[in-house]
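The values are calculated or read from the model by the stated rules, or taken from the named source; none is laboratory data. For clarity, every value in this text was computed on a predicted model and none was experimentally measured. Every residue, glycine among them, receives a Cβ derived from its backbone with ideal geometry; neighbour counts consider all protein chains shown. Just so you know, the surface numbers come from the protein's heavy atoms only, side chains and all, with ligands and any DNA or RNA stripped out. Shrake-Rupley method; radii C 1.70, N 1.55, O 1.52, S 1.80 Å.
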Amino acid sequence: MTNTRTTEQWQAADAAHFLHPFTDFKALAGKGSRIITSADNIYLWDSEGRKVLDAMSGLWCVNVGYGQRALVDAAARQMQELPFYNAFFQTATPPAIELAELLAEVTPPQFQHVFFSGSGSEGNDTVVRMVRRYWDLLGQPQRQVIISRHNAYHGSTMAGASLGGMAGMHAQGGLPIPGIVHIEQPYWWQHGRPHGLTRDEFGLVAARWLEDKILELGAEQVAAFIGEPVQGAGGVIIPPATYWPEIQRICDKYGVLVVSDEVICGFGRTGRWFGCETFGFRPDLMTFAKGVTSGYVPLGGVMVGDRVARALIDQGGEFNHGYTYSGHPVACAVALANIRLMQQLDLVAHVHDDVGPYLAQAYATLREHPLVGDAETCGLMGALLLLKDKAKGTPFPEAVDIGMVCRGHCFREGVIMRAVGERMIIAPPLVITRSQIDEMLALIRRCLDLTLADAQRHGWLA
Ligand code: PXG
């Protein structure tokens with residue numbers, strides 16, 4: 001659809017009818033949305049014709065960048081041939097079968113089966129149903145509890161938001177649902193540094209919170225542990241290298257299933273195909289969405305490892321769960337084109353060997369900035385911690401929403417970053433080049449300088 005109305009007309013119709021996700025409706029209606037009308041490669045254009053560098057890949061999803069013809073053609077072809085058929089009643093479509101086969105090829109070897117959903121949230125609903133079904137089949141129906149982490153994000157459905165550890169979400173709608181408990185996140189700045197622990201020491205401490213919780217509940221009650229390899233929406237919290245291997249050891253010891261939520265980390269984001277490969281653990285289940293289609297159309301799902309698949313398949317009996325769009329042929333055709341394009345472009349190696357290390361080096365230089373207490377990256381995810389006094393590690397007072405001040409400058413200067421509290425985060429398209437990283441860094445540096453000038457002018461540094 002072309003840009004057929006003025007910005008004001010779009011904003012008025014938007015305010016009149018469209019309730020946006022995670023939005024204060026009243027505040028937005030007073031201000032007006034920014035209308036995005038077109039995109040190419042790593043750039044967006046708004047209805048005023050302004051060009052913006054999209055350092056968030058849409059919403060952590062447009063991994064191959066905008067305007068990739070192969071994905072568009074795959075969708076158009078599939079829509080002509082067979083726009084929809086379901087997978088419920090002993091039927092299947094060629095794109096869904098081929099995608100299942102290709103996913104088995106690009107995921108770690110324990111994954112030979114997939115259950116499709118329409119989104120990451122639905123994928124995590126499937127996870128809850130499936131792990132409980134698994135333990136039922138094994139004759140241990142009391143193994144119900146799933147352990148997750150505070151500040152995790154696993155989606156916005158009842159189960160997704162319950163698995164997530166966002167206090168603001170739990171406060172609305174009576175969450176979490178029963179049988180989901182949370183341990184503390186592996187965030188060194190918050191929980192390790194104040195106690196004088198090195199990152200690696202803290203990684204072990206944080207993993208052992210899981211063991212404490214398993215022992216407190218009784219291992220015979222615990223079905224699974226779920227985590228994002230790197231917490232995305234929580235602020236790009238990169239765990240110490242010691243964390244995930246210790247989580248794996250603990251889960252193995254007590255027979256607890258490991259679920260890796262790869263909705264953000266999957267499909268190359270961390271410099272390997274999946275985040276579990278970067279962090280050295282071996283999940284039994286893996287949720288994916290976003291990067292599977294580079295966001296061109298909605299698709300999600302759960303990779304089912306052999307341990308769970310064997311129980312589900314060999315024991316027989318119907319799994320009473322599924323979605324109209326499980327294995328949607330158009331979504332699967334686009335995912336096939338997307339993954340094949342990633343293979344053709346050797347995009348995972350591009351992140352691992354080239355732009356990932358280049359971004360890490362560029363981010364390290366930002367540590368010299370007076371506002372930046374820490375600058376971390378993992379593959380093509382990055383976080384800047386903005387501090388009032390970096391020498392002492394003092395945060396800004398809560399009344400100063402420093403992240404939102406910085407984000408405002410980003411909007412005006414033409415780069416999209418996300419603010420999570422005092423963490424400024426990025427996850428640019430994986431096709432980004434070194435010179436585009438230079439361009440992005442110049443914009444980020446400028447926004448940090450403007451934020452610093454605000455802080456000085458308002459006396460926030462005193
Ligand atoms: N798991 C993870 C790890 C996610 O990041 C979901 C599940 C849910 O996926 P769906 O497709 O149902 O949205 C996500 C989604 C943000 C932000 O502000 C992040 C997500 C969604 C919306 C906003 O960073 N991640």
Please give the solvent-accessible surface of Ser260 in Å², to the nearest 10, using a probe radius of 1.4 Å with every protein chain present. 0 Å²
Percent antiparallel among DSSP beta bridges with both residues in the chain, to the nearest 5? 65 percent
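Calculate what fraction, in whole %, of the accessible area of region 69-345 sits on carbon and sulfur atoms when a 1.4 Å probe is rolled over the protein chains. The partial results should precede the final answer.
On the way: 5880 of 10850 Å².
After summing per-atom areas, the C and S share lands at 54 percent.
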Distance from region 31-47 to region 221-292 (C-alpha centre basis), Å: 33 Å
In whole Å, largest first, what are the principal axis extents of the Cα atoms in region 251-350? 40, 34, 18
At a threshold of 8 angstrom on Cα-Cα distance, excluding pairs fewer than six apart, so keeping six or more, what relative contact order does the chain reach in percent? 19 percent
Note down the accessible area of Arg193, probe 1.4 Å, to the nearest 10 Å². 90 Å²
For a quick check of understanding: with a 1.4 angstrom probe and all protein chains in place, what accessible area in square angstrom does Ile425 have, to the nearest ten? 0 Å²
Over region 166-223, what is the relative contact order in whole percent, taking alpha-carbon pairs under 8 Å and six or more residues apart? 27 percent
Histogram of C-alpha separations across region 77-185, 5 Å bin width, %: 2, 10, 15, 17, 17, 15, 11, 8, 4, 1
Please report how far the C-alpha centroid of region 419-462 lies from that of region 331-382, rounded to the nearest whole angstrom. 17 Å
Restricting attention to region 374-462, which GluC sites (Glu not before Pro) occupy a DSSP loop and are surrounded by at most 12 other Cβ atoms within 10 Å? Glu398
In region 69-345, what percentage of the DSSP-assigned beta bridges are antiparallel, given to the nearest 5? 45 percent
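Can you sort His195, His113, His321 by solvent-accessible area, 1.4 Å probe, largest first? Display every interim value, and only then the final one.
Working: His195 135, His113 70, His321 40 Å².
The ordering from most to least exposed comes out as His195, His113, His321.
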If you bin the C-alpha pair distances of region 354-458 every 10 Å from 0, what whole percents do you get? 15, 52, 27, 5, 0
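Using a ≥ b ≥ c from the Cα gyration tensor of region 69-345 (square roots of the eigenvalues), is it rounded, prolate or oblate, where a/c under 1.5 gives rounded and otherwise the larger of a/b and b/c decides, a/b for prolate?
prolate
If DNA, RNA and ligands are ignored and the probe is 1.4 Å, what is the ranking of Lys390, Lys26 by accessible area, most exposed first? It would help to have the intermediate numbers written out before the result.
Details: Lys390 70, Lys26 175 Å².
Heavy-atom accessible area, descending, gives Lys26, Lys390.
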Geometric extent, Cα atoms of region 1-133 - Rg, Dmax (angstrom): 19.7, 53
For region 291-421: span of alpha carbons on each principal axis (Å, largest first): 61, 36, 31
Among Asn320, Gly164, Gly268, pick out the residue whose Cα is farthest towards the positive end of the charge dipole of the chain, where Lys and Arg carry +1 and Asp and Glu carry -1 on C-beta, about the Cα centre. Gly164
For the chain, what log10 I(q)/I(0) values come out of the Debye formula at q = 0.09 1/Å, with one point per alpha carbon and no solvent? -0.61
Give, rounded to the nearest 20 debye, the magnitude of the charge dipole that the chain has about its Cα centre when Lys and Arg contribute +1 at Cβ and Asp and Glu contribute -1 at Cβ. 620 debye
Using all alpha carbons of region 178-281, what is the percent of pairwise distances in each 5 Å bin, ordered from the shortest bin to the longest? 2, 13, 23, 24, 20, 13, 4, 0
Which whole-number value in Å² is the accessible area per residue of region 384-455, probe 1.4 Å? 40 Å²
Tell me the mean residue ellipticity at 222 nm calculated for the chain from its helices only (DSSP H runs of n ≥ 4, each -39500 (n - 2.57), averaged over every residue, nearest 500). -12500 deg cm²/dmol
Longest segment of the chain lacking chymotrypsin sites (Phe, Trp or Tyr not before Pro) that sit in a DSSP loop with at most 15 other Cβ atoms within 10 Å: 90-318
